[in-house]
Number of protein chains: 2
Amino acid sequence: MTFEEARAQFPVLDRLAYLNAGSAGPLPRSAVEAARASLDRDLAEGRGGKAYIDDFLELRDRIRRGIAAVLGTSADLVALTDSTTRGCQIVVAGLDLDAGDEIVTSDQEHFGLTGQLHGSGARVVVAEADEEALLAAVTSRTRLIAVSHVLWTTGRRLDLAGLRRSGGPPLLVDGAQSAGAIPPDLDGADFYTVSAQKWLCAPEPTGGLFVRDPDRLRVALPGFLAAERHEADGSFVPRAGAQRLDSGWIGAATLAGLEAALGVHPEWRYEGGAKVASRCRELLEPLAEVVTPAGHSTLVSFRPPGDPAELVAALNERGVVVRDLPSRNLVRASCGWWTSEDDLRRLADGVAAS
Amino acid sequence: MTFEEARAQFPVLDRLAYLNAGSAGPLPRSAVEAARASLDRDLAEGRGGKAYIDDFLELRDRIRRGIAAVLGTSADLVALTDSTTRGCQIVVAGLDLDAGDEIVTSDQEHFGLTGQLHGSGARVVVAEADEEALLAAVTSRTRLIAVSHVLWTTGRRLDLAGLRRSGGPPLLVDGAQSAGAIPPDLDGADFYTVSAQKWLCAPEPTGGLFVRDPDRLRVALPGFLAAERHEADGSFVPRAGAQRLDSGWIGAATLAGLEAALGVHPEWRYEGGAKVASRCRELLEPLAEVVTPAGHSTLVSFRPPGDPAELVAALNERGVVVRDLPSRNLVRASCGWWTSEDDLRRLADGVAAS
């Protein structure tokens, strides 16, 4: 697949310099067509009967394999979820933490992760977003280290394998800005979340959760696929594999769109994304302070000379979609393998003009 | 709106005797059109920028008001969720139960509820599905009574107000088979769930959660709308009202479909549904043992002379969509205000022929 063919799958790119996959990726035509076909079928044929349920479960299995392939793992270690937030809830709830426990996290995490850590009732210890600082914050009470693979603010990539010490606490990885954007690397991760609506360009809300050892995490928030069989008091024998941790029902149309979206990414996705991010830095560096370390991710965060929110609004006016990061004085451009030189020039021209 | 006009909103009813709203309601054409329009807009314009987010949040507010209207309450007491399962998780997680606590439930509940009760870590006490038996099971350790308004198995309706004693444990109500099907009645309920894809005929998965006193339930599973502001350790100042308990992101197309679905129900919805259920009993009583008490709900559950699963398959062959209730030897027909005399006769003819 050539760059032009691959890019042509996304109609929004005809109009906008859409540098927004860190929030929500461009939708491919095939995903919307699949979702529409699914809706039309449900409208005409209803949502019931054995064939409907069988098709639906097979579709979930295919998607589970597709997300496993993105992560470079096997399908029985992947739960289907609707978000990274939900994946974090599933992990934290299953660990049965209380006020005497500690979780170590970084100072550059999204509320989708930190909100769940706080919700667990454990004490949340915030360290600098740096491997050594994180490890230094671990104590005998630490039950979990929870960090992003790629930080949503600065775009820095953390070394996961270095954070997972033998005999040390398990590692929950927020993969929202990495899964589908950079080559898979689960080394060190006990749990790894996927937000499919971002770099996988799927309908929202969709996602997954890698669980290295599903038998060892309690199923505290059981969805409709959790139980092989259950009793009247809700106790149950869980199904095999990570399926027991699936977060619940996902709409048939959303699933159909997700399956199609998993199929639009070319083999050169990761080199492509990295090259675009590198070129984006090159164009922005003369104009603003780029804070993302080179070669780390597909995000390019920069501190503009003026007000970030005003710059984002001005760029929006010019058909350039990026976001600012409130209270951090940063603007973030998300560079996909689908991003063109022209998209990047529109961004740089807009920054230069502001 | 006449019966014919109202029924004509659902294309599936042209083909099938679709008696399946207890699992998933018939989809109205307007809901699918709204979802398609939303998908088309996202395809062409992307999913980002201030206007996109503003529209999305306004849509959520309109839906919150719509679900509040279905329940006969105010929007600030309604959280948006994706299911009854999720609503139960939000309540149970917020109560911070442990192994020393008890929850009283009935022996006729869905795993969507009981799975979460078990997941809480509390001891789940199962009583007969009868108001007196439930109250008799309450002890000084009981922290919650959790039951359905309408039981998904027998279709019996419980008297909620009778279950809520002053000074007694709070009441969580699984409203999956009642919200939108029978007149709203939150009397006695501290928490009441809505499954919008069932009797409200919305895309799946959608729903809501009524919370009588949002300030008193801890936000243990915070979604993206939970926090007015938050700190790096995930601690946060919650937003006003039940919005703080929203379960997370719901796709724009799904929301658009849900809003449209809320608009298809005629004023005579409740009398209509009750009349259809009563007529359904009348036709089935000579053919099978009807277990649903008269006048309780829009479900009609019956024990057929032969094997329930075989009967359901045979009915499916005839274009009649109902379900069996595994291990209870029952078949369940869901009677909506949209159900016609012909639909019911097709069901009765199929039962008679088996």
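Just to be sure, is A:A232 part of a loop (DSSP other than H, G, I, E, B), among the aliphatic types (A, V, I, L, M) and touching a strand residue (DSSP E or B) at 6+ places or on another chain (Cβ under 7 Å)?
Numbers: part of a loop (DSSP other than H, G, I, E, B): yes; among the aliphatic types (A, V, I, L, M): yes; touching a strand residue (DSSP E or B) at 6+ places or on another chain (Cβ under 7 Å): yes.
It is true that A:A232 is part of a loop (DSSP other than H, G, I, E, B), among the aliphatic types (A, V, I, L, M) and touching a strand residue (DSSP E or B) at 6+ places or on another chain (Cβ under 7 Å).
Could you pull out every one of the helices (runs of 4 or more DSSP H) wholly within the stretch B:92-173 that has 1 or more residues that are more than 9 Å from every other protein chain (Cβ to nearest Cβ)?
Working: elements: B:111-119, B:131-136, B:160-163.
Here the list reads B:131-136, B:160-163.
Just to check your reading of the model, which residue among A:R239, A:R281, A:R269 is of a type in the set (K, R), more than 14 Å from chain B (Cβ to nearest Cβ) and without any contact (Cβ under 8 Å) to a residue 60 or more places away in the chain?
Working: A:R239 fails: more than 14 Å from chain B (Cβ to nearest Cβ); A:R269 fails: without any contact (Cβ under 8 Å) to a residue 60 or more places away in the chain.
Being of a type in the set (K, R), more than 14 Å from chain B (Cβ to nearest Cβ) and without any contact (Cβ under 8 Å) to a residue 60 or more places away in the chain holds for just one of A:R239, A:R281, A:R269, which is A:R281.
Which residues, counting only those in the stretch A:2-38, are surrounded by fewer than 18 Cβ atoms within 10 Å (Cβ to Cβ), assigned to a loop (DSSP other than H, G, I, E, B) and of a type in the set (A, V, I, L, M)?
A:A8
To keep it simple, each residue is scored yes or no on (1) out of contact with any strand residue (DSSP E or B) (no Cβ under 7 Å at 6 or more places or on another chain); (2) within 19 Å of B:G188 (Cβ to Cβ); (3) among the charged types (D, E, K, R).
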residue: B:R64; (1), (2), (3): no, no, yes
residue: B:D76; (1), (2), (3): yes, no, yes
residue: B:C88; (1), (2), (3): no, yes, no
residue: B:A93; (1), (2), (3): yes, no, no
residue: B:D96; (1), (2), (3): yes, no, yes
residue: B:G100; (1), (2), (3): yes, no, no
residue: B:I103; (1), (2), (3): no, yes, no
residue: B:V126; (1), (2), (3): no, no, no
residue: B:E131; (1), (2), (3): yes, yes, yes
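What is the one condition in (1) within 15 Å of the chain's Cα centre (by Cα); (2) in a helix (DSSP H, G or I); (3) buried (at least 24 other Cβ atoms within 10 Å of the Cβ) that A:A68 does not satisfy?
Result: A:A68 passes all but (3).
For (1) in a strand (DSSP E or B); (2) over 25 Å from the mean Cα position of the chain (by Cα); (3) under 23 Å from A:A8 (Cα atoms); (4) away from every other protein chain (no Cβ under 14 Å), each residue gets a yes or a no:
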| position | (1), (2), (3), (4) |
| --- | --- |
| A:A294 | no, no, no, yes |
| A:S297 | no, no, no, yes |
| A:G306 | no, yes, no, yes |
| A:A309 | no, no, no, no |
| A:W337 | no, no, yes, yes |
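Please verify whether the stretch B:105-121 includes one or more residues that are surrounded by fewer than 22 Cβ atoms within 10 Å (Cβ to Cβ) and over 24 Å from the mean Cα position of the chain (by Cα).
yes
Being more than 10 Å from every other protein chain (Cβ to nearest Cβ), crowded, with 21+ Cβ neighbours inside 10 Å and not aliphatic (A, V, I, L, M) is the filter here; which residues of the stretch B:39-65 pass it?
B:R64
Just the residues that are open to solvent by 10 Å² or more (accessible area, probe 1.4 Å) and within 11 Å of another protein chain (Cβ to nearest Cβ), please, taken from the stretch A:325-335. Working first, answer last.
Taking the stretch A:325-335 first, the residues open to solvent by 10 Å² or more (accessible area, probe 1.4 Å) are A:326-329.
Listed by number, the residues that qualify are A:P326, A:S327.
Identify, from the list A:R212, A:R303, A:R216, A:R244, the residue that is open to solvent by 60 Å² or more (accessible area, probe 1.4 Å) and within 30 Å of B:V126 (Cβ to Cβ). Show your work before the answer.
Numbers: A:R212 fails: within 30 Å of B:V126 (Cβ to Cβ); A:R303 fails: within 30 Å of B:V126 (Cβ to Cβ); A:R244 fails: open to solvent by 60 Å² or more (accessible area, probe 1.4 Å).
After applying the criteria, what remains is A:R216.
Taking the options B:R141, B:R157, B:R165, B:R218, name whichever one is basic (K, R), within 30 Å of B:A31 (Cβ to Cβ) and assigned by TED's automatic domain parsing to the domain that holds B:T254.
Working: B:R141 fails: within 30 Å of B:A31 (Cβ to Cβ); B:R165 fails: within 30 Å of B:A31 (Cβ to Cβ); B:R218 fails: within 30 Å of B:A31 (Cβ to Cβ).
On inspection, the qualifying residue turns out to be B:R157.
Does the stretch A:76-84 contain any residue that is surrounded by 14 or more Cβ atoms within 10 Å (Cβ to Cβ), within 12 Å of chain B (Cβ to nearest Cβ), outside any helix (DSSP H, G or I) and not acidic (D, E)?
yes
Confirm whether B:E33 is over 21 Å from the mean Cα position of the chain (by Cα) and outside the structural domain of B:S178 (by TED's automatic domain parsing).
Details: over 21 Å from the mean Cα position of the chain (by Cα): yes; outside the structural domain of B:S178 (by TED's automatic domain parsing): yes.
So B:E33 fits the description; yes.
Taking the residues in the stretch A:182-208 that are under 13 Å from the mean Cα position of the chain (by Cα), away from every other protein chain (no Cβ under 14 Å) and aliphatic (A, V, I, L, M) as candidates, determine which candidate is most open to solvent (accessible area, probe 1.4 Å).
Checking each candidate, the answer is A:I182.
The values are calculated or read from the model by the stated rules, or taken from the named source; none is laboratory data. Bear in mind that the values here come from a model prediction, so they are computed numbers and not experimental data. For neighbour counting, all protein chains shown are included, and Cβ atoms are generated from backbone atoms with ideal geometry for every residue, glycine included. Surface areas here come from the heavy atoms of the whole protein model, side chains and all, with no ligands, DNA or RNA. Shrake-Rupley method; radii C 1.70, N 1.55, O 1.52, S 1.80 Å.
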